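The values are calculated or read from the model by the stated rules, or taken from the named source; none is laboratory data. What you see is a predicted model, and the numbers here were worked out from it, not measured in a lab. Please note: Cβ atoms are built from the backbone with ideal geometry, for glycine as well, and neighbour counts cover all protein chains shown. All accessible areas refer to the heavy atoms of the entire protein, side chains included, with ligands and DNA or RNA removed. Shrake-Rupley method; radii C 1.70, N 1.55, O 1.52, S 1.80 Å.
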Amino acid sequence: MKIGIVGAGQAACTLIAELIRGQFDGNILVFNRESRSPYQRPPLSKSWLKNPTDTQSIRLLPEPIETHSSVQWIQEHVQAIEPDNGAILTNTRHTVDHIVLATGTRAKRLTIDGLPSDKSHVIRTVDDAVRLNHKLSDALNIAILGAGFLAFELASSLDHPERTIRVLARGNRALPQISAKAAERLVDQSPASVYVGIRIDRYDEESAVLVTNHGPIPADLVIMAVGAEPNTELAKACDLGSHEGIPTDSFMQTNHPLVSAIGEVSLHDQPHLGESARIESISEANDTAITLAKRLLGQPEPFSATPWFWSDQGDLKLQIAGLCARSDEESCLLDTETERVVIRHRGDQITAVEAINAAKEFMAARRLFEEDGISLKATLEQGSLFRLLQSSRS
Amino acid sequence: MPQLICIDPAEQAINVTFELGETILQATHRAGVDGIIAECGGGCSCATCQVILNADWDETLDAPSAQEADMLSFAIDPTPYSRLACQVELNEKHDGLRLLVAKRQY
Ligand SMILES: Cc1cc2nc3c(=O)[nH]c(=O)nc-3n(C[C@H](O)[C@H](O)[C@H](O)COP(=O)(O)OP(=O)(O)OC[C@H]3O[C@@H](n4cnc5c(N)ncnc54)[C@H](O)[C@@H]3O)c2cc1C
Ligand code: FES
């Protein structure tokens, strides 16, 4: 059997490693349009950004797997696929028995009148990080657009005594993905000044400011951290996807039997949420890849993982077990000078646990989610998820 | 280059060369040592990179941070000598030391 994987990011690499460890009897063609060995993305916005030439430390695959005889790397952009013929088209035509779309997402860019391209940045690839790093030395004022995890991670990583970093949010609060109470702690400790409700009119190059509804905001550099959009063009062209993602079943199969999709481009039923969703995280990339590997190795098991996530912001480590809707209620479980744990819930059912510097609570929540649902009442009675886990095991 | 001796879950000994300042995870990952899963790639958020050191490592390392210790308590069957491979930085004193990869990571 010959498998063709489009993309060489987290999901693709986990699939390759799982297939090789599972003694996959076949060949794997991997199409990688980035001209370097596969690498991890999370470090790009964290402390690694201070020295973005060290690509060795963020290599995604161990050398014996990257150079395994069953894997063939093709450093080309895939222009089209033909599902019925098992064809993958670059400048040449490759035929395979099964096509895997692991194309991930790309950073959204906003068009701002007057902003020269050398002052406009995103962070999605190593090249983006290197490009940004080159421009940092004389940037005293940095404006980060967007107010999600990426924006705040960048603010911490770029912190410097001579630099002023401003995070500009369009909405009415920072970090809307998490509870107001958890966001408050991260914002308080951030080196950035946060501006909400910002509308940008244009960039004035002469005075190096963004002209906004809140007046001029100094910006020698503008970093756009305004979200990502899925790379679904290949799938769309053969009716297998839309701008929202590539729908799959719980075995990562698309609507075509010869095509699967994994990683953050895939849109599938999330048992934890009870609905279909496209999730951008390492756990999603790994868990969808593992699900597909099992199927390709002849031991299919439906996707059943509970999502989890982490984000490092200076000395603060946010870890989230589960996933919730923005409208889910919030209750603070633990609040000390260094730690904060916020529970998100629908009635008595806990949907997510947001733990800041509280790894035990995060891990206990992951274990409890794996075993069964978690009751808010039982958690509050114990005062801690860790104690709840211990009591459930004794 | 300095080396570590890593015993993988199949009890195979592998010599792993390392650079000063890199983590155990970076060195073992490059060498492709089996059994270290490291789902989070070094983010101290998954506890699937457990290794077991021995008394020779005493005095060469600082105690684990609170975050690492908390994560370690959720690794599978941690011992007093367990550490997360992604959190231990290697220096010249580690040349020639041995470690065991945990038999199971989850
Ligand atoms: C800066 C940053 C920080 C992050 N931090 C965290 C974090 O702390 N925790 C966390 O859980 N997640 C984090 N994430 C998210 C996480 O990295 C992604 O969810 C994960 O990488 C998704 O993996 P993937 O394989 O689906 O996509 P990707 O890793 O994006 O890989 C897709 C690959 O496909 C290639 N490709 C696309 N189309 C084609 C084509 N037509 N031909 C050839 N190749 C193609 C792309 O170039 C890309 O290399 C972060 C992401 C970024 C950018
Ligand atoms: S790699 Fe995840 S905790 Fe070490």
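Tell me, which residue of region A:240-299 that is in a helix (DSSP H, G or I) and basic (Lys, Arg) is surrounded by the most Cβ atoms within 10 Å (Cβ to Cβ)? Talk me through it step by step, then tell me what you get.
Taking region A:240-299 first, the residues in a helix (DSSP H, G or I) are A:263-265, A:282-296.
If we keep only those that are basic (Lys, Arg) as well, we get A:294-295.
Numbers: A:294: 18, A:295: 16.
Restricting to residues being in a helix (DSSP H, G or I) and basic (Lys, Arg), the top hit is A:294.
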All-but-one check, residue B:23 against (1) over 24 Å from residue A:365 (Cα atoms); (2) touching a helix residue (DSSP H, G or I) at 6+ places or on another chain (Cβ under 6 Å); (3) more than 13 Å from chain A (Cβ to nearest Cβ), failing number (3)
Over region B:66-75, the set of residues more than 8 Å from every other protein chain (Cβ to nearest Cβ) and touching a Cys at 6+ places or on another chain (Cβ under 9 Å) is B:68, B:75
Given the conditions (1) more than 10 Å from chain A (Cβ to nearest Cβ); (2) among the hydrophobic types (A, V, I, L, M, F, W, C); (3) within 24 Å of residue A:287 (Cβ to Cβ), every one holds for residue B:63 apart from (3)
Residue A:253 passes all but one of the listed conditions (1) more than 29 Å from residue A:321 (Cα to Cα); (2) touching a Leu at 6+ places or on another chain (Cβ under 9 Å); the exception is number (1)
Regarding residue A:249, is this residue on the phi > 0 side of the Ramachandran plot and of a type in the set (Asp, Glu)?
no
Here the residues within region A:370-383 that are open to solvent by 10 Å² or more (accessible area, probe 1.4 Å) and either among the small types (Gly, Ala, Ser) or away from every other protein chain (no Cβ under 12 Å) (or both) are A:371, A:372, A:373, A:375, A:376, A:377, A:378, A:380, A:381, A:382, A:383
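Just to be sure I understand, how many residues within region A:331-369 are away from chain B (no Cβ under 14 Å) and buried (at least 17 other Cβ atoms within 10 Å of the Cβ)? I'd like the intermediate steps shown before the answer.
First, pick out the residues of region A:331-369 that are away from chain B (no Cβ under 14 Å): A:331-333, A:335, A:340, A:342-352.
From what's left, buried (at least 17 other Cβ atoms within 10 Å of the Cβ): A:333, A:340, A:342-345, A:350-352.
The number of residues fulfilling the criteria is 9.
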Checked region B:19-60 for anything closer than 14 Å to residue B:101 by Cβ and of a type in the set (Val, Ile, Thr); matches are B:24, B:28, B:33, B:36, B:37, B:48, B:51, B:52
### Query
Does residue A:106 satisfy being assigned to a strand (DSSP E or B), within 18 Å of the chain's Cα centre (by Cα) and of a type outside the set (Val, Ile, Thr)?
yes
Residues of region B:32-51 being more than 16 Å from ligand 1 (Cβ to nearest atom) and open to solvent by 40 Å² or more (accessible area, probe 1.4 Å), in sequence order, are B:34
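Here's the yes/no breakdown for (1) of a type in the set (A, V, I, L, M, F, W, C); (2) within 12 Å of another protein chain (Cβ to nearest Cβ):
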position: B:28; (1), (2): no, yes
position: B:34; (1), (2): no, yes
position: B:77; (1), (2): no, no
position: B:84; (1), (2): yes, yes
position: B:104; (1), (2): no, no
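Just to be sure before I move on: is residue B:23 closer than 27 Å to residue A:314 by Cβ, surrounded by fewer than 20 Cβ atoms within 10 Å (Cβ to Cβ), away from ligand 1 (no atom under 16 Å from the Cβ) and β-branched (Val, Ile, Thr) in the structure I sent?
Details: closer than 27 Å to residue A:314 by Cβ: yes; surrounded by fewer than 20 Cβ atoms within 10 Å (Cβ to Cβ): yes; away from ligand 1 (no atom under 16 Å from the Cβ): yes; β-branched (Val, Ile, Thr): yes.
For residue B:23, the condition - closer than 27 Å to residue A:314 by Cβ, surrounded by fewer than 20 Cβ atoms within 10 Å (Cβ to Cβ), away from ligand 1 (no atom under 16 Å from the Cβ) and β-branched (Val, Ile, Thr) - is met.
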Picking from A:361, A:370, the residue that is in a helix (DSSP H, G or I), of a type outside the set (Ser, Thr, Tyr) and at pLDDT 95 or above would be A:361
Of the residues in region B:61-89 that are in a loop (DSSP other than H, G, I, E, B) and within 15 Å of ligand 2 (Cβ to nearest atom), the one that is nearest to the chain's Cα centre (by Cα) is B:88
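Looking at region B:21-30, can you tell me whether even one residue there is among the hydroxyl-bearing types (Ser, Thr, Tyr), closer than 27 Å to residue A:307 by Cβ and under 14 Å from the mean Cα position of the chain (by Cα)?
Step one: of region B:21-30, the residues among the hydroxyl-bearing types (Ser, Thr, Tyr) are B:23, B:28.
From the residues that got through so far, the ones that are closer than 27 Å to residue A:307 by Cβ too are B:23.
If we keep only those that are under 14 Å from the mean Cα position of the chain (by Cα) too, we end up with B:23.
The answer is yes; a qualifying residue exists.
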Checking the structure you have, find out if any residue of region A:313-326 is within 14 Å of another protein chain (Cβ to nearest Cβ), small (Gly, Ala, Ser) and in a loop (DSSP other than H, G, I, E, B). yes
